[in-house]
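A short worksheet on the structure shown next.
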Amino acid sequence: MAKTEPNIQEWLLEAKRSEHASECGMFLTHNGTVRITPKAQVRQGVEGLAPVVAVDFSYDAEGLERAIAETLEMPGIYFVKVWLNEGECKVGDSLMYVMIGGDIRPRVIDALQTLVGTIKNTLVVEREIYAQ
């Protein structure tokens with residue numbers, strides 16, 4: 001793995017000490033990892049593909065900062081923290097952690113889904129590396 005993973009317990013403690021912590025009724029965390037099953041198989045049902053052994057992973061850091069700022073502008077969202085890996089990540093390695101804190105569950109879930117979708121669809125480049 002290219003980068004050291006964050007400590008999610010430390011993130012939660014940071015969130016609970018943040019300026020708007022008293023307005024948060026929920027903190028939700030997402031951990032995306034490298035899976036052995038190729039994306040084309042999982043998403044499009046393509047069969048017969050070799051297993052994934054690693055993913056070459058990179059991202060647009062400036063775009064990520066914008067996406068975080070936009071998420072913090074969503075109604076009821078008061079805390080956002082994101083960590084993205086870089087380089088060659090093996091099966092089981094973490095690609096991303098996202099934590100969202102907000103007032104009520106539906107808003108936090110929507111914010112998490114929107115931010116992770118933005119990251120995955122527009123900010124990262126993932127190249128799967130297959131078993132030989």
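The values are calculated or read from the model by the stated rules, or taken from the named source; none is laboratory data. On a predicted model such as this, the values are computed, not experimentally measured, just so you know. Every residue, glycine as well, gets a Cβ built from its backbone with ideal geometry; the counts of neighbours run over all protein chains shown. Side chains are part of the model used for accessible areas, which takes the heavy atoms of the whole protein and leaves out ligands, DNA and RNA. Shrake-Rupley method; radii C 1.70, N 1.55, O 1.52, S 1.80 Å.
Near the amide H of residue 95, within less than 5 Å, lie the amide hydrogens of 32, 33, 34, all on another chain or at least 5 residues away, with H placed in the peptide plane. With all protein chains kept in place, the per residue accessible area of the chain amounts to 57 square angstrom at a probe of 1.4 angstrom. Taking a straight Cα-Cα cut-off under 19 Å and skipping sequence neighbours fewer than 8 places away in the same chain, the aspartates and glutamates within cross-link reach of residue 3 are 56, 60, 62, 65, 86, 88, 93, 126, 128. Charge tally for residue 15 (other residues, Cβ to Cβ under 15 Å; Lys, Arg +1; Asp, Glu -1): -2. If R0 is taken as 30 Å, the Cβ-Cβ distance between residue 104 and residue 46 corresponds to a FRET efficiency of 0.15.
With a Förster radius of 25 Å applied to the beta-carbon distance between residue 20 and residue 86, the computed FRET efficiency rounds to 0.25. For the chain, the relative contact order is 37 percent, taking Cα pairs closer than 8 Å that sit 6 or more residues apart in sequence and dividing their mean separation by the residue count.
Residues 100, 36, sorted by accessible area with the largest first, give 36, 100 [1.4 Å probe; ligands and nucleic acids excluded].
Between the alpha-carbon centers of segment 1-73 and segment 87-132, tell me the distance in whole angstrom. Cα centroid of segment 1-73 versus Cα centroid of segment 87-132: 3 Å apart.
Split the accessible area of segment 41-132 by element, probe 1.4 Å, and carbon with sulfur accounts for 49%.
Between 0 and 90 degrees, the angle of helix 61-72 with respect to the longest Cα principal axis of the chain falls at about 40 degrees.
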